[in-house]
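The values are calculated or read from the model by the stated rules, or taken from the named source; none is laboratory data. As the structure is a prediction and not an experimental result, all values here were calculated from the model. Cβ sites come from the backbone with ideal geometry, for glycine too, and all protein chains shown count toward neighbours. The protein model used for the area step is the full one, side chains on, heavy atoms only, and it has no ligands, DNA or RNA in it. Shrake-Rupley method; radii C 1.70, N 1.55, O 1.52, S 1.80 Å.
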Amino acid sequence: MELPLHGMRVIEVGQALAGPLAGVIMADMGADVIKVEKPDGGDDARAWGPPFGPDGETSLYFHGQNRNKRSITLDLKKPEDVEALHKLVETADVLIQNLRPGVVDEIGIGPKAMLKRHPRLVYCSIWAFGHEGPMRLKPGFDPLLQAYGAMMSVTGRPEDPPTFCGASINDKATGMFCVIGALAALRQRDRTGKGCLVDTSLFETAVHWVEGHVNNHVASGDIPKRHGTGGAVIVPYQVFDTADRPLCLAAGNDRLWARCAKVLGHAEWASDVRFATGPARVRNKAALLPLIAEALRLQPRDHWLAALEAEGVPSGPVNDIAELAASPQFAAMSMMQSLPEGGPRVVGLPISFNRRRPLSRRPAPRIGQHNQEILGRP
């Protein structure tokens, strides 16, 4: 099928995760994404292993974030290679860059220079801490922003130290926000004929994840605490142990809570003044949660999952990665795909068009694999 971004050209100047993730999303949706790498070693993520792909040298991490792209090498410290980039940008719709803050201006490919020469370009900059403020030129990685952005302070159990989220959540979401901004800017260009500068950052993304906590703090002055697997404003909304394995229970409103109490053998809890409403359950969760835990420990997980499902109460198993990958739903949604030309199997784009997930058209490229094709030189 012809994909939605067919005919669009994107230049990706960057490495690691946020920039390449934005690039691979657009590539999966049909854009021609040209990845610009440094001649000496290319994107650092190529070596982020083991595990490695079939060649034994390129990390699976790199394969997953760089499929469907073409690779060229340019030494952007050389004026002639900067000029080669400008020539390439003349054919492009979008440029994505996540180089160390300040570098693009030093080498002459910052937004001011690029948009002056290429006024129809959508120029996307991905920062660590944002384009303004005292920390604008500081570099940063996802764990640092999880810490600085207060995400760690609200993750984990109250008695434990602050905890990282297990996924690179700021990098990935910043890449997604970059794509959202780029597509919106392209729609604007359709109307005005002019390009646009789009700025995103890991810091802004981190703040976005904790926006509810920030809003509550600004309104009340309270400093949010960690709640383990539980929610701050919904009870019960967390993981509980059963007689054998844990499950996640999410009775997100009073109707679901009444059904949940019935399943647990304590229908009276739904009318107990301490637990009858959401705010009451939050105020009295120190009393309620041990009662729920005690009830759930009487039967194994599968018993509770079946009973809760029969009453329409949202619940689910706490899977590890192997269990997720082996689950029937994972298979039914065809999340894995084999990259062409003997490439490894990787998770595909989490979007379908007309009920079809885009398949990879290209494996992750070798360093400079398309120099001759695009630049006319080795």
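Okay, here's what the table says:
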read-out: Pick from the range 127-155, criterion among the hydroxyl-bearing types (Ser, Thr, Tyr) and assigned to a helix (DSSP H, G or I), ranking: least open to solvent (accessible area, probe 1.4 Å); value: Ser153
read-out: Odd one out for Arg189 among (1) open to solvent by 20 Å² or more (accessible area, probe 1.4 Å); (2) over 25 Å from Gly30 (Cβ atoms); (3) not aromatic (Phe, Trp, Tyr); (4) not in a loop (DSSP other than H, G, I, E, B); value: (2)
read-out: Counted residues, the range 333-376 - those being closer than 16 Å to Leu60 by Cβ and β-branched (Val, Ile, Thr); value: 2
read-out: Residue ranges of helices (runs of 4 or more DSSP H) in the range 1-113 with at least 3 members without any contact (Cβ under 8 Å) to a residue 40 or more places away in the chain and within 25 Å of Thr200 (Cα to Cα); value: 103-106
read-out: Residue that is least open to solvent (accessible area, probe 1.4 Å) [pool: residues in the range 329-363 that are in contact (Cβ under 8 Å) with a residue 40 or more places away in the chain and on the phi > 0 side of the Ramachandran plot]; value: Gly342
read-out: Filter result for Phe177 (touching a Gly at 6+ places or on another chain (Cβ under 9 Å), open to solvent by 50 Å² or more (accessible area, probe 1.4 Å), over 30 Å from Pro300 (Cα atoms) and outside any loop (DSSP other than H, G, I, E, B)); value: no
read-out: Every residue from the range 272-286 that is open to solvent by 60 Å² or more (accessible area, probe 1.4 Å), within 15 Å of Pro236 (Cα to Cα), of a type in the set (A, V, I, L, M, F, W, C) and part of a loop (DSSP other than H, G, I, E, B); value: none
read-out: Failed criterion for Asn319 (all others in (1) over 30 Å from Asp40 (Cα atoms); (2) open to solvent by 70 Å² or more (accessible area, probe 1.4 Å); (3) in contact (Cβ under 8 Å) with a residue 12 or more places away in the chain hold); value: (3)
read-out: Search result, residues across the range 61-95 that are over 17 Å from His370 (Cβ atoms) and surrounded by fewer than 18 Cβ atoms within 10 Å (Cβ to Cβ); value: Lys77, Lys78, Pro79, Glu80, Val82, Glu83, His86, Glu90
read-out: Qualifying positions in the range 214-225 - out of contact with any helix residue (DSSP H, G or I) (no Cβ under 6 Å at 6 or more places or on another chain) and either in a helix (DSSP H, G or I) or open to solvent by less than 80 Å² (accessible area, probe 1.4 Å) (or both); value: Val214, Asn215, Asn216, His217, Val218, Ala219, Ser220, Gly221
read-out: Pairs where the first residue, in the range 178-189, is within 15 Å of Gly23 (Cα to Cα) and the second is assigned to a helix (DSSP H, G or I), C-beta under 7 Å, 6+ apart; value: Cys178/Ala22; Val179/Ala22; Val179/Ile25; Val179/Met26
read-out: Qualifying position, being part of a helix (DSSP H, G or I), among the aliphatic types (A, V, I, L, M), touching a residue at least 40 places away in the same chain (Cβ under 8 Å) and open to solvent by 30 Å² or more (accessible area, probe 1.4 Å), among Leu298, Leu289, Leu324, Leu308; value: Leu289
read-out: Counted residues, the range 104-118 - those being surrounded by fewer than 15 Cβ atoms within 10 Å (Cβ to Cβ) and farther than 14 Å from Glu83 by Cα; value: 4
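Matching residues to (1) within 23 Å of Pro350 (Cα to Cα); (2) within 26 Å of the chain's Cα centre (by Cα):
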| residue | (1), (2) |
| --- | --- |
| Pro162 | no, yes |
| Lys172 | yes, yes |
| Thr192 | no, no |
| His213 | no, yes |
| Pro224 | no, yes |
| Gln238 | no, yes |
